[in-house]
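Enquirer: To start, I am sharing the structure in question, which I have written as structure tokens.
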């Protein structure tokens, strides 16, 4: 992944980034090299705080204490006084006033030095140097965890940036801050801005990066099918290690694919993908989950699903939707089982999934009533009769419906014309 980044930098230097009308003169984001291959510090803190905020049955008191100590230590090391004040207000954490004052003094000094460089660049240097100095100031506010100020500062840098590639880099920096502070409105706004720039001539690497950022927004808003497609497309081109590790990326890609793609795609896109197979065992129970579903080993599937659920509950992107996700995944498994039969006994189905008949009856009742599973339950015979919709009849019914709608519109239009 680092080699890909080096190739991009070399290409920008050699070719002058002609498509960007001078983007070769713009610098990379100042903190990109320092964090190459590492998760962005703000996102590390955000993940820790997300786990800290989970219910007591999911996080022990000891782990909460460890998170508190770790977050405080990282924030103090980075002189994040605005961030620590935010934690004090949100969680009631006690913050040493003397330490905050010392951090404020150090930050004021660093900010004064940055302002001096901006003034000097305006007086004796060119636009590129001015942009570099403004970018350094914006990065300082992001480093300190001052979300509002960093958004404003990155906008100033964006306005001073000429090339498309570097404009996208600025927007990606804003997106990282938005993700860290869970500001979905700003995240969506910047994604849309970046997509417009990419369409004007952005390079493939930034396009691939943007697709992962967009997938995170789609996960936040429960648009799992669209997010799955973006993540699957990024499996072999993943470079956004500032967001999470590749194994965490694979966890989310596989989890969404299980409820979004056909069984054949699970085999070709996941079980036969060398990139995914290389890290599949890094996430406990993930291989068992996907393999058991593909091989129709439903008892093992339920065991793996139960085992991996705590990991899903700790994902900032999936945790709010875990109940919905688990329900959708069970629908996939039940539908896959019933697809092979015209009728199946409740007992046989319960045995296959390793649950009681009463549980299976209640589960199927809920999903059938909601129209998620096309079947009916014969309570007397204790049999599930499948009732899969016929494609030809479905198309015919839709044609008749559309025809009636067209006739009604023509009738209304004829009245208007007659008047």
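Enquirer: For residue 234, indicate whether it is outside the structural domain of residue 179 (by TED's automatic domain parsing), within 16 Å of residue 210 (Cα to Cα), surrounded by fewer than 23 Cβ atoms within 10 Å (Cβ to Cβ) and modelled with pLDDT of 95 or more. Walk me through how you get there before you give the answer.
Expert: On the way: outside the structural domain of residue 179 (by TED's automatic domain parsing): yes; within 16 Å of residue 210 (Cα to Cα): yes; surrounded by fewer than 23 Cβ atoms within 10 Å (Cβ to Cβ): yes; modelled with pLDDT of 95 or more: no.
In short, no.
Enquirer: Further question on the same structure: Scanning the range 276-300 for residues that are touching a residue at least 40 places away in the same chain (Cβ under 8 Å) and crowded, with 16+ Cβ neighbours inside 10 Å, which turns out farthest from residue 252 (Cα to Cα)?
Expert: 298
Enquirer: Exactly one of these conditions fails for residue 218: (1) in a helix (DSSP H, G or I); (2) under 26 Å from residue 164 (Cβ atoms); (3) in contact (Cβ under 8 Å) with a residue 24 or more places away in the chain. Give me its number.
Expert: Residue 218 satisfies every listed condition except (3).
Conditions tested, residue by residue: (1) surrounded by fewer than 16 Cβ atoms within 10 Å (Cβ to Cβ); (2) closer than 17 Å to residue 298 by Cβ.
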site: 315; (1), (2): no, no
site: 360; (1), (2): no, yes
site: 380; (1), (2): yes, no
site: 386; (1), (2): no, yes
site: 404; (1), (2): yes, no
site: 409; (1), (2): yes, no
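Enquirer: Further, regarding this structure: I need the full set of residues from the range 168-197 which are touching a residue at least 60 places away in the same chain (Cβ under 8 Å) and either surrounded by fewer than 24 Cβ atoms within 10 Å (Cβ to Cβ) or under 19 Å from residue 39 (Cβ atoms) (or both), in order please.
Expert: 169, 172, 173, 176, 177, 179, 180, 181, 182
Enquirer: Further, regarding this structure: Since residue 340 meets every condition but one in (1) within 30 Å of residue 384 (Cβ to Cβ); (2) in a loop (DSSP other than H, G, I, E, B); (3) at pLDDT 95 or above, which condition does it not meet?
Expert: (3)
Enquirer: Return only the number of the condition from (1) under 20 Å from residue 39 (Cα atoms); (2) surrounded by 15 or more Cβ atoms within 10 Å (Cβ to Cβ); (3) not assigned by TED's automatic domain parsing to the domain that holds residue 180 that residue 213 does not satisfy.
Expert: (3)
Enquirer: Is it the case, given these coordinates, that residue 372 is free of Cβ contacts under 8 Å to residues at least 24 places away in the same chain and not assigned by TED's automatic domain parsing to the domain that holds residue 262?
Expert: When the stated conditions are applied, residue 372 does not pass them.
Enquirer: Looking for something exposed (fewer than 12 other Cβ atoms within 10 Å of the Cβ) and over 20 Å from residue 139 (Cα atoms) - is there at least one such residue anywhere in the range 39-54?
Expert: Checked against the condition, which is being exposed (fewer than 12 other Cβ atoms within 10 Å of the Cβ) and over 20 Å from residue 139 (Cα atoms), the range 39-54 yields no hits at all.
Enquirer: Only one of these conditions is not met by residue 310: (1) under 18 Å from residue 231 (Cβ atoms); (2) surrounded by fewer than 18 Cβ atoms within 10 Å (Cβ to Cβ). Which number is it?
Expert: Single failed check for residue 310: (1).
Results for (1) modelled with pLDDT of 95 or more; (2) outside any helix (DSSP H, G or I); (3) farther than 25 Å from residue 222 by Cα, shown as yes or no for each residue.
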{"site": "321", "(1), (2), (3)": "yes, no, no"}
{"site": "325", "(1), (2), (3)": "yes, no, no"}
{"site": "344", "(1), (2), (3)": "no, yes, yes"}
{"site": "358", "(1), (2), (3)": "no, no, yes"}
{"site": "362", "(1), (2), (3)": "no, no, yes"}
{"site": "368", "(1), (2), (3)": "no, no, no"}
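Enquirer: Something else now. Regarding residue 331, is this residue assigned by TED's automatic domain parsing to the domain that holds residue 257, surrounded by 13 or more Cβ atoms within 10 Å (Cβ to Cβ) and within 24 Å of residue 258 (Cβ to Cβ)?
Expert: Values: assigned by TED's automatic domain parsing to the domain that holds residue 257: yes; surrounded by 13 or more Cβ atoms within 10 Å (Cβ to Cβ): yes; within 24 Å of residue 258 (Cβ to Cβ): yes.
So residue 331 passes the test.
Enquirer: From the list 148, 227, 136, exactly one residue is surrounded by 23 or more Cβ atoms within 10 Å (Cβ to Cβ) and part of a helix (DSSP H, G or I). Which is it?
Expert: Exactly one residue qualifies, and that residue is 227.
Enquirer: For the range 71-126, give me the residue count where each residue is farther than 22 Å from residue 45 by Cβ and buried (at least 16 other Cβ atoms within 10 Å of the Cβ).
Expert: 4
Enquirer: Right, something else. Taking the conditions exactly as written (free of Cβ contacts under 8 Å to residues at least 60 places away in the same chain, more than 30 Å from residue 272 (Cβ to Cβ) and assigned by TED's automatic domain parsing to the domain that holds residue 276), does residue 323 satisfy them or not? Walk me through it before giving the result.
Expert: Numbers: free of Cβ contacts under 8 Å to residues at least 60 places away in the same chain: yes; more than 30 Å from residue 272 (Cβ to Cβ): yes; assigned by TED's automatic domain parsing to the domain that holds residue 276: yes.
Judged against the criteria, residue 323 is a match.
The values are calculated or read from the model by the stated rules, or taken from the named source; none is laboratory data. Because the structure is predicted, anything quoted here is derived from the model rather than measured. Positions of Cβ are backbone-derived with ideal geometry, glycine not excepted, and every protein chain shown enters the neighbour counts.
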